[in-house]
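Bear in mind that the values in this text are calculations on the coordinates, not laboratory data. What you are looking at is a predicted structure, and each value in this text was computed from that prediction instead of being measured. Ideal geometry is used to build each Cβ from the backbone, glycine not excepted, and the neighbour counts take in all protein chains shown.
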Amino acid sequence: MSGVSIREFLKEKQTSMKLEVLTADKGLEKKITVFDVNRPGLALAGYFKYFAFERIQVLGMTELSYLAELDSQRRRQILENLFSYDLVCFVITRSLEPPEELLKLAQDKQVSVMRTPLNTINFINEVTAYLEDKFAPSTSVHGVLIDVYGVGVLILGESSIGKSECALELVKRGHRLIADDVIDIRKKSSTLLIGKGMEFIKHHMEIRGVGIIDIKNLFGAGAIRDDCEIDLIMQMEEWDSKKEYDRLGLDEITYEILGVEVPKLIVPIRPGRNIAAIVEVAAMNWRLKKTGYHSAKEFEKKLTEELEKKKKE
């Protein structure tokens, strides 16, 4: 079954969430398979018809106060009903003390119980964001991802065409590298793609004839970013004299990644072309389009108006 094990969740989030495991190593191999969490208030009141048992169960002040007001027999009955389901884990917020009955049943049923000092809302927000990222559709592509004037530009092209050299020039001009070679891409919403580098090679770049270079150590922390949104794709290809290239910018094409259509520009490569400058201008032009101004369409409009004017004269 795919998902995130409790052990993996603890490894990645125990420090930031200050998670304390109250049930030793019980249930650490169980897997979280959905990114939603559940506050089992109705279940604690005895209503189990729509009980989302497959989610992380979050117990805050409201739930624990309710349990504390029950007599021991009723509390144990409710908790036994709760543990009759195949639960994933419990998280107690605000560093509150859980009932002894809950801890004993968790030990018997091999269900992890964790505790965090975070309040309930903050914990739910943080764990939901973490799990949404874990369960987001993902893929990887070969290319270079760089932040140019706040625009995430993914540079694609055949091997040895000059993607890394172009990115290096952009870094020297003050832009920020996200990743070179392998880009991990996650779909965060119907229109949002986030790209980042593989952990062991991020912020490194291969320059043929020089070797592997560390951008962070060479140019400083200001020359890198961990991830960014993919806004624009620049497809580099060898110049083909028999091929017609778009010279006005009216032909708008896209490149599909995980079902998201990303604007794409095809940049023919030939000696003498300053590709880094072209990427910079393309990024600025993309930002201009986002504000509602399309240079090529405005030019076409003015040209049409001028021709109509001369025709009338």
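The table below gives the values:
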quantity: Region 4-134 pair-distance distribution - Cα-Cα, 10 Å bins, rounded %; calculated: 13, 49, 34, 5, 0
quantity: Antiparallel %, DSSP beta bridges [both residues in region 4-134], to 5; calculated: 30 percent
quantity: For the chain, calculated [θ]222 nm from helices alone, where every DSSP H run of n ≥ 4 adds -39500 (n - 2.57); calculated: -11000 deg cm²/dmol
quantity: Contact order relative to length of the chain, as percent, for alpha carbon pairs under 8 angstrom and 6 or more apart; calculated: 13 percent
quantity: Whole-number Å³ per residue for the convex hull built on Cα positions in region 137-298; calculated: 123 Å³
quantity: Mean separation of Cα contacts under 8 Å, 6 or more apart, over the residue count of region 1-88: relative contact order %; calculated: 29 percent
quantity: P(r) weight above 29 Å for the chain, C-alpha pairs, percent; calculated: 54 percent
quantity: Per-residue Cβ neighbour rank within 10 angstrom, fewest leading, Trp286, Trp239; calculated: Trp239, Trp286
quantity: Computed Kirkwood radius, in angstrom, where 1/r is averaged over Cα pairs of region 136-203; calculated: 12.3 Å
quantity: Positive-end extreme of charge dipole, the chain - chosen from Ser72, Val267, Gln14 (charges on Cβ); calculated: Val267
quantity: Likely footprinting exposure, Met198, Met17, fewest C-beta neighbours within 10 Å first; calculated: Met198, Met17
